[in-house]
C-alpha cells in the first residue's frame, strides 16, 4: 500500500527525530530475510534499547537533510532494501544486536553506520564496533579494575592475620 504525502512527511519527521536522538544509526541490508525473522530481530533489539525500522531510502535521505549536523552525510551507500537500527543510549548496541542476529541469519549484512557527529562509517568499521563490549560492560570492567587493589590489600591483610592467629594457637598448645 502506497503512503500518502502526509504519511510520508510524518515518516520523514519520525526518522529525523530518531536520527537526532540516536548516538549511532546502523544500516544493514536485509534482502532475503523473512518477515518473521525481522520481527524476531526487532524483539531481540528492543531488549538493549535499539529500535529497528525499515524505511525507504529516499525518505531517510530527506530526514538526513532535516537534521543540521547530518546534512553532509555521504548517502551513496543507501541503496537497496535496508533497515535502520537506532539507539539513543549506547553507540555500539545497534551494531551488536545486528551482529548477533546475523550469526543465525546470514542474510543480514552491514552497509555502514551514521554517527551522531555526521560521519558515515563503513561496514568494516561497524563490524569492529560490534565486537566491542557494551557501555554497561565497560563500566563494570572499570569498576572491577578500580576495586582490584582494594581487594588485594584486604586479602593480604586477612592472610597475614590468619597466619598470626595460627602461630599464636600453635604456641598456646
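The values are calculated or read from the model by the stated rules, or taken from the named source; none is laboratory data. Small disclaimer: the values here were computed from a predicted structure and weren't measured. Every residue, glycine among them, receives a Cβ derived from its backbone with ideal geometry; neighbour counts consider all protein chains shown.
Below is a table of values for the structure above.
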quantity	calculated
Index of the failed condition, residue 110 passing every other in (1) under 26 Å from residue 10 (Cβ atoms); (2) surrounded by 14 or more Cβ atoms within 10 Å (Cβ to Cβ)	(1)
Hits in region 57-76 (condition: closer than 17 Å to residue 10 by Cβ and touching a residue at least 12 places away in the same chain (Cβ under 8 Å))	59, 60, 61, 62, 63, 64, 66, 67
Odd one out for residue 135 among (1) surrounded by 12 or more Cβ atoms within 10 Å (Cβ to Cβ); (2) out of contact with any helix residue (DSSP H, G or I) (no Cβ under 6 Å at 6 or more places or on another chain); (3) modelled with pLDDT of 85 or more	(3)
Test: residue in region 93-104 that is closer than 19 Å to residue 15 by Cα and not in a helix (DSSP H, G or I)	no
Among (1) closer than 19 Å to residue 132 by Cα; (2) touching a strand residue (DSSP E or B) at 6+ places or on another chain (Cβ under 7 Å), the one test that residue 60 misses	(1)
Check on residue 129, over 18 Å from residue 55 (Cβ atoms) and surrounded by 11 or more Cβ atoms within 10 Å (Cβ to Cβ)	yes
Scan of region 58-79 for residues that are in contact with a helix residue (DSSP H, G or I) (Cβ under 7 Å, 6 or more places away or on another chain) and closer than 14 Å to residue 17 by Cβ, ordered by number	59, 60, 62, 63, 64, 66, 67, 70
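Residues checked against (1) more than 19 Å from the chain's Cα centre (by Cα); (2) within 17 Å of residue 111 (Cα to Cα); (3) modelled with pLDDT under 90:
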{"position": "52", "(1), (2), (3)": "no, yes, no"}
{"position": "65", "(1), (2), (3)": "yes, no, yes"}
{"position": "69", "(1), (2), (3)": "yes, no, yes"}
{"position": "84", "(1), (2), (3)": "no, yes, no"}
{"position": "90", "(1), (2), (3)": "no, no, yes"}
